[in-house]
């Protein structure tokens, strides 16, 4: 069995649903409660899989849920360093979620240039716009950040795409180790 | 590493050679003929060397004096190296030489240490009648050792409960002591939380230009020692008498790990190290060899819970420290602002992550100014700002409400103008009642007041009343004629009243003690009317003048006090707003 530990960080503005996504994935429960400790909450979950060469993988994901950004608070850069994957979360219910998502990717890259970048537009359950607009969001993110490996729309409330997002993050974190070239995927 | 240490002295020697010999060679060139003469003179080598020696010594001294910095740089490693060799060879002599200097320090240190041990022993003895004391007695009997030995061992002991080697960037546990694996505590979670706390502390002080690092956390009986450099740090949970020596032991372990595996650590990416077993073995050996380790096998789950509490306590401590830190920063900022400081605004912590501003300010819009400034601070904790900034008056026309503000304003201006400014509010105007105001002062104060929110609504002009108030126009006995000096004063007053819209003048005549009260009242009013006529004749609107019927009581009072130089024969002028005229 090949074992790894990987640091995965969640970034995004206040209220986009980062904590809820983690809760949904780790505890399989949904809660609107917020955490406020030292600006980060750490959770852990193991992922196991067998690849095409029948190799057993076991990855322990250390998920750093970092306090959301606001007008007068900022994230210590050190929290971002060493991340294998950065999950940047956007909020589908705000007017234009693409701009803050792109800003967070820039911030992440400044401290963790080698991190694999995932983008999740959350609150799909509340999103009322047609699918064409959702794809427009995806395209705009890619236009600015060509190196984003994965974009998905999620719902922490219903659990839609949540488990897949974290599991894919864990797998790509390990594949990135071997210099694996990611092809952008849109779900 | 080794390469560097070998090269350093070599390059130092070549540098020294260059400093000393370049000049020597040129000196030799210049003095070639003299030296040759000396060499062929047939004198012995020793004698030749003796003759040349002073020249070389002087050259050596000259060169060292010229470039002391380079000389120090070059000589330091050589001196250190030779000192080290000397100490190794002549240890006894060196100790003898240093003892007079170091002896007293060492004695003092030993005395302090002994004192600490004695105190510790006393504490232990006091527990003799406790369960722990009885247990110690039983153990001594069973093991066949004296109770005092056990006491001494307890007094000096420190045990390492567990140790983690953590990757600094990711917070992932690279290796941990084996003992821990049987316990409930999740090492990965602890390590990640610890890394976050460490980063938090470091980041919190980043703005102060300090290199603050978290080195240890103490909570109850446990101490968490953190030793870190480069890509990893070592966290060791200790129990007992943690001293400098303990920290040095942790440092020594860290040094050994770093020396042997630094390359492996820097390439760590979440998998196993190349020498994973060796690293784990070193950590295990360290933990197992700590004093009292045999007892640590009995570590209960309660103790593990305590460790978890230590970490949670540390998080709480961080939150508390950040509270204090940001509160102090906010208050420092408020104090630094002159227009804030006069309102005695203070930021107080109010529950978690929130601050309340207390103070009285003149205007609601000013709250926004204070709050927006406070919100501009960087904070990793989402700070909720609430305000209890009271607006002390809705209108300055309300004398009760405005009195506090006027008091604050006076105090603020008094500081600036040496306590000689007094403010007064009257019918929508602020008045100064100072003694030293000139036009420049007035402009300054007007500018300052205009910048204070709340005042601008009510404030129109600073009126330097001292130049107008209390001015009197004197008369000769039984006369109502205004003399030239008085005309000059009246012209000045008229000019001032004209220059400020909404001002008028109150006139009150007075007389000396001569005659009946009726005649005195009469001449007093005539004098006031004469002054009024003069002012009107010179262009002042009659609407701006109010003749107040002479108050005989006032006259009597003035006559008795003898304050005026005219024996009571005068007209007093009070410049007031128009509303006071009607």
Inset, instruction - For residue A:42, state whether it is in a loop (DSSP other than H, G, I, E, B) and modelled with pLDDT under 85. - result: no
Inset, instruction - Within segment B:195-205, identify whether any single residue is at pLDDT 75 or above, within 14 Å of chain A (Cβ to nearest Cβ) and surrounded by fewer than 17 Cβ atoms within 10 Å (Cβ to Cβ), and answer yes or no. - result: no
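Quick grid of which residues meet (1) surrounded by fewer than 15 Cβ atoms within 10 Å (Cβ to Cβ); (2) under 24 Å from residue A:82 (Cα atoms); (3) at pLDDT below 80:
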| residue | (1), (2), (3) |
| --- | --- |
| B:176 | no, yes, no |
| B:223 | no, no, yes |
| B:236 | no, yes, no |
| B:250 | no, no, no |
| B:261 | no, yes, no |
| B:266 | yes, yes, yes |
Legend entry - Residue that is modelled with the highest pLDDT [pool: residues in segment A:17-39 that are facing chain B (nearest Cβ under 8 Å) and buried (at least 23 other Cβ atoms within 10 Å of the Cβ)]: A:39
Legend entry - Yes/no for residue B:212 being within 14 Å of chain A (Cβ to nearest Cβ), at pLDDT below 65 and not in a helix (DSSP H, G or I): yes
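Residues to consider are A:107, A:137; find the one that is surrounded by 17 or more Cβ atoms within 10 Å (Cβ to Cβ) and out of contact with any helix residue (DSSP H, G or I) (no Cβ under 7 Å at 6 or more places or on another chain).
Details: A:137 fails: out of contact with any helix residue (DSSP H, G or I) (no Cβ under 7 Å at 6 or more places or on another chain).
Within the list A:107, A:137, the selection yields A:107.
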Inset, instruction - Go through the residues of segment A:115-125 one by one and say whether even a single one is touching a helix residue (DSSP H, G or I) at 6+ places or on another chain (Cβ under 7 Å), within 14 Å of chain B (Cβ to nearest Cβ) and at pLDDT below 90. - result: no
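Would you pick out the residues in segment B:525-539 that are outside any helix (DSSP H, G or I) and either touching a strand residue (DSSP E or B) at 6+ places or on another chain (Cβ under 8 Å) or on the phi > 0 side of the Ramachandran plot (or both)?
Scanning segment B:525-539 gives a single hit, B:539.
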Inset, instruction - Scan segment A:64-92 residue by residue and report those that are within 20 Å of residue A:156 (Cβ to Cβ) and modelled with pLDDT of 90 or more. - result: A:85, A:86, A:87, A:88, A:89, A:90, A:91, A:92
Legend entry - Count - residues of segment A:74-90 that are surrounded by 24 or more Cβ atoms within 10 Å (Cβ to Cβ) and facing chain B (nearest Cβ under 9 Å): 4
Inset, instruction - Identify, by number, the condition in (1) closer than 16 Å to residue A:7 by Cβ; (2) within 13 Å of chain B (Cβ to nearest Cβ); (3) at pLDDT 85 or above that residue A:109 doesn't meet. - result: (2)
Legend entry - For residue A:67: the one exception among (1) under 22 Å from residue B:270 (Cβ atoms); (2) within 14 Å of chain B (Cβ to nearest Cβ); (3) touching a strand residue (DSSP E or B) at 6+ places or on another chain (Cβ under 7 Å): (1)
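The values are calculated or read from the model by the stated rules, or taken from the named source; none is laboratory data. Note that the structure is predicted; figures quoted are calculated from it, not measured. Backbone-built Cβ (ideal geometry, glycine too); neighbour counts: all protein chains shown.
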